[in-house]
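In what follows, a structure is listed as C-alpha cells, so that the remarks can point back to it.
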Amino acid sequence: MTESGVDVSIERKGEARAEEGRRDPNTCPSCRSHYRDDELKASLRVCTHCGHHFPMPARERIDSLADPDTFEEEAAELRSADPLDFFDLRPYRERLAEAELETGLGEAIVVGSALLDGHACELAVMDFAFMGGSMGSAVGEKFARACESAAERSAPLISVTASGGARMQEGILSLMQLPKTVCAVEDLYDAGGAMFSVMAHPTTAGVLASFASLGDVTVAEPGALLAFTGPRVVQQTTKERLPDDFGLAESNYRFGHVDAIVPRQELRPYVARLLRLFERDH
C-alpha cells in the first residue's frame with residue numbers, strides 16, 4: 001500500500017529497511033539508531049539523530065495534541081461489519097479481530113472532543129497499525145460523526161491521517177466512503193466550521209483523494225508519502241523515471257499541494273496558533 005524510492009536499487013533498500021523495521025520497530029531505518037520504548041515515546045517517536053518520523057499510534061498522537069485529561073472519545077462502539085463474507089488467505093472477520101487485539105483499537109480511526117492549549121476542538125486521528133489505516137464503512141462513519149460533532153460544538157476539526165486507502169474487503173461500500181466523507185466536510189463548512197488536515201506517512205489513495213485534502217489548512221510531516229499511488233506503480237505504468245522525491249511531502253509542498261511541512265515536535269504549537277487565528281476570524 002505504501003512505497004518509497006524510485007529506481008530498483010532505491011526501492012530494494014526501502015523494502016529492506018521496512019522489513020527491518022517490522023523486525024525491530026525501535027531501530028531507525030534511516031540512520032540505524034536504536035531506542036528504548038520510553039526513549040521513542042519521549043521524543044514523540046522522532047529519531048533524535050536524523051529526524052526520521054516513526055509511525056505514531058493514534059492514542060499517543062492524541063496525547064501529544066490534547067490538553068491532559070480533556071479528550072473524550074466518541075463513537076468508540078462502532079465496528080466494521082463483513083457484508084461480503086470476504087475471504088482471501090484469511091477471513092476478513094479474523095483480520096479485524098487480530099487488528100483490534102494488536103492495537104487496542106476498535107477501528108483505524110479514533111475520534112472525540114478535546115481542548116488544545118485551552119481551545120475547544122474535535123480530533124479525528126487515524127492509526128496505520130490497524131489494517132494499514134484503511135478506510136471502510138466504520139472509519140467513514142466515525143469521521144462523518146466527528147464532522148457533525150465539530151459543527152454542533154462550533155469547534156474546528158483536526159484530522160490526522162495515516163492510511164493506505166480504501167479497504168478492499170468491503171468492496172464498493174468502502175469506495176462509497178470517499179463521497180460520504182467529502183460531503184461530511186462540506187456540511188461542516190456550510191455550518192461555518194473549519195478543518196485542519198495533518199497528513200502523516202503514508203496518506204495515500206482514497207483517503208488522500210477524499211477528506212485528507214480538504215482542510216482549510218493542510219500540513220504534512222517531513223518525508224511523508226502523499227500520493228494516490230506509490231512511485232513504483234506510477235513508474236511501472238508510465239515507463240518514465242520519476243524524481244527522487246516523487247510523492248513525498250517536500251514535493252507536494254513545492255507544488256503547492258500542502259501549506260506547510262511541520263515536524264512532529266512543532267505540530268502542537270502550530271495547530272494551537274491555527275485555533276487562535278480561527279477564533280479571531282469568528
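Return the residues of segment 114-132 that are touching a helix residue (DSSP H, G or I) at 6+ places or on another chain (Cβ under 8 Å) and in a strand (DSSP E or B); say none if nothing qualifies.
Ala114, Leu116, His119, Ala120, Cys121, Glu122, Leu123, Ala124, Val125, Met126
Any residue that is surrounded by 15 or more Cβ atoms within 10 Å (Cβ to Cβ), within 14 Å of the chain's Cα centre (by Cα) and in contact (Cβ under 8 Å) with a residue 12 or more places away in the chain - is there at least one of those in segment 166-174?
yes
Considering only residues that are out of contact with any strand residue (DSSP E or B) (no Cβ under 6 Å at 6 or more places or on another chain) and free of Cβ contacts under 8 Å to residues at least 60 places away in the same chain, which ones fall in segment 109-129?
Selection gives Leu115, Gly118, Ala120.
What's the number of the condition Ala114 fails, among (1) modelled with pLDDT under 95; (2) touching a Cys at 6+ places or on another chain (Cβ under 8 Å); (3) not polar (S, T, N, Q)?
Single failed check for Ala114: (1).
Quick test for you: out of Thr203, Thr161, pick the one residue that is among the β-branched types (Val, Ile, Thr) and under 13 Å from Ala124 (Cα atoms). Step through it out loud before you land on a result.
Working: Thr203 fails: under 13 Å from Ala124 (Cα atoms).
Matching residue, one of Thr203, Thr161: Thr161.
Taking the condition of being farther than 19 Å from Met199 by Cβ and either part of a loop (DSSP other than H, G, I, E, B) or among the basic types (Lys, Arg) (or both), how many residues in segment 148-170 meet it?
3
Hey, does segment 103-113 have a residue that's of a type outside the set (Ser, Thr, Tyr), in a helix (DSSP H, G or I), open to solvent by 20 Å² or more (accessible area, probe 1.4 Å) and more than 20 Å from Gly215 (Cβ to Cβ)?
no
For segment 81-95, enumerate the residues that are at negative phi and either of a type outside the set (A, V, I, L, M, F, W, C) or modelled with pLDDT of 95 or more (or both).
Quick first cut of segment 81-95, residues at negative phi only: 81-84, 86-95.
Result: Asp82, Pro83, Asp88, Arg90, Pro91, Tyr92, Arg93, Glu94, Arg95.
Taking Leu173 and the conditions (1) in a helix (DSSP H, G or I); (2) touching a strand residue (DSSP E or B) at 6+ places or on another chain (Cβ under 7 Å), which numbered condition does it fall short on, given that it satisfies the others?
(2)
Taking segment 206-249 as the search range and keeping residues that are assigned to a strand (DSSP E or B) and open to solvent by less than 40 Å² (accessible area, probe 1.4 Å), which one is farthest from Leu267 (Cα to Cα)? First the steps, then the outcome.
Taking segment 206-249 first, the residues assigned to a strand (DSSP E or B) are 217-220, 225-227, 248.
Narrowing further to those that are open to solvent by less than 40 Å² (accessible area, probe 1.4 Å): 217-220, 225-227.
Values: Val217: 13, Thr218: 12, Val219: 9, Ala220: 10, Leu225: 18, Leu226: 18, Ala227: 21 Å.
Looking at residues that are assigned to a strand (DSSP E or B) and open to solvent by less than 40 Å² (accessible area, probe 1.4 Å), I get Ala227.
Among the candidates Ser149, Ser213, Ser197, Ser163, single out the residue that is among the hydroxyl-bearing types (Ser, Thr, Tyr), under 24 Å from Pro91 (Cα atoms) and touching a strand residue (DSSP E or B) at 6+ places or on another chain (Cβ under 8 Å).
Result of the check over Ser149, Ser213, Ser197, Ser163: Ser163.
Scan Asp67, Asp37 and give me the residue that is surrounded by fewer than 13 Cβ atoms within 10 Å (Cβ to Cβ) and modelled with pLDDT of 90 or more.
Result: Asp37 is the single residue among Asp67, Asp37 that is surrounded by fewer than 13 Cβ atoms within 10 Å (Cβ to Cβ) and modelled with pLDDT of 90 or more.
With the requirement that a residue be aliphatic (A, V, I, L, M) and modelled with pLDDT of 95 or more, what does segment 215-240 give you?
Filtering segment 215-240 for residues aliphatic (A, V, I, L, M) gives 217, 219-220, 224-227, 233-234.
Correct list: Val217, Val219, Ala220.
The values are calculated or read from the model by the stated rules, or taken from the named source; none is laboratory data. Just so it is clear, the model here is predicted, and its values are computed rather than measured. Note that we place each Cβ from the backbone using ideal geometry, even for glycine, and neighbour counts take in every protein chain shown. When the accessible area is computed, the model is the full protein with side chains, heavy atoms only, and any ligands, DNA or RNA have been set aside. Shrake-Rupley method; radii C 1.70, N 1.55, O 1.52, S 1.80 Å.
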